[in-house]
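Chemist: Below is a structure I'd like to ask you about.
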Amino acid sequence: MDKPIVPSEIRKVFEGRIFTVTVESITLPRGERMEAEIIRHPGSVVLIPIAPDGAVVLVRQYRHAIGRWAWELPAGSLKPGEDPKTAAARECHEEIGLIPSALDFLGSFFPTPGYCDEEMHIYRATGLRAPTGADPQAQRDADEDLEPKAFPVAAIRNMIASGDIIDLKTVAGLTLLG
């Protein structure tokens, strides 16, 4: 395996609520020097919540970066030091209001490795149940205005083909269902 390139200098140029941006001075294997602009992200989880009838629960939410609403698989960022499976259960409860009895790990991917180190961990969530008084309260993020809705897998495939689903993690996640 090739050795990673070690930056000679790292400058933090932005630190926000979700990610940090650094500019890293590196020397490429052929000797060229460059400044790499990198988004440092703690990682995230993506859920494929499966209802008892086999439908997949998506969430509709406004995405300001693209100026529109989007249907997506539920997802969320990892908290510092948080185990991805724990985060998957938490995000399922927060985003769709249901608690999974089973979480099956399907794979991890880097959606934009050219400039961001975010790793997405994808889980199938089954055995969905309503929370009880014994469960902790779900705490949605302040910027989340979510509308969960279950769709048959065939309908989701049609939504992708027609351009109604534009979110790449949703397209990728669906491919893992076969």
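The values are calculated or read from the model by the stated rules, or taken from the named source; none is laboratory data. Given the structure is predicted, the values throughout are model-derived calculations rather than measurements. Neighbour counts run over all protein chains shown; Cβ positions are idealised from the backbone, glycine included.
Chemist: Restricting to the range 2-52, count the residues that are exposed (fewer than 13 other Cβ atoms within 10 Å of the Cβ) and at positive phi.
Modeler: Number of matching residues: 1.
Chemist: Out of (1) outside the structural domain of Asp164 (by TED's automatic domain parsing); (2) over 30 Å from Val6 (Cα atoms), what's the single condition that is false for Ala87?
Modeler: Every listed condition holds for Ala87 apart from (1).
Chemist: While we're looking at this one, here's another question. Out of the strands (runs of 3 or more DSSP E) lying entirely within the range 53-117, which hold 3 or more residues that are surrounded by fewer than 17 Cβ atoms within 10 Å (Cβ to Cβ), of a type in the set (S, T, N, Q) and free of Cβ contacts under 8 Å to residues at least 12 places away in the same chain? Let's see the steps before the verdict.
Modeler: Working: elements: 56-63, 68-72, 75-77, 102-109.
In the range 53-117, no matching strands (runs of 3 or more DSSP E) lie anywhere.
Chemist: Between Ala51, Ala65, which is in the same structural domain as Ala155 (by TED's automatic domain parsing) and farther than 28 Å from Thr126 by Cβ? Write out each step before concluding.
Modeler: Working: Ala51 fails: farther than 28 Å from Thr126 by Cβ.
Result: Ala65 is the single residue among Ala51, Ala65 that is in the same structural domain as Ala155 (by TED's automatic domain parsing) and farther than 28 Å from Thr126 by Cβ.
Chemist: So is Arg33 among the basic types (Lys, Arg) and within 24 Å of Phe109 (Cβ to Cβ) or not? Spell out the reasoning first.
Modeler: Details: among the basic types (Lys, Arg): yes; within 24 Å of Phe109 (Cβ to Cβ): no.
For Arg33, the condition - among the basic types (Lys, Arg) and within 24 Å of Phe109 (Cβ to Cβ) - is not met.
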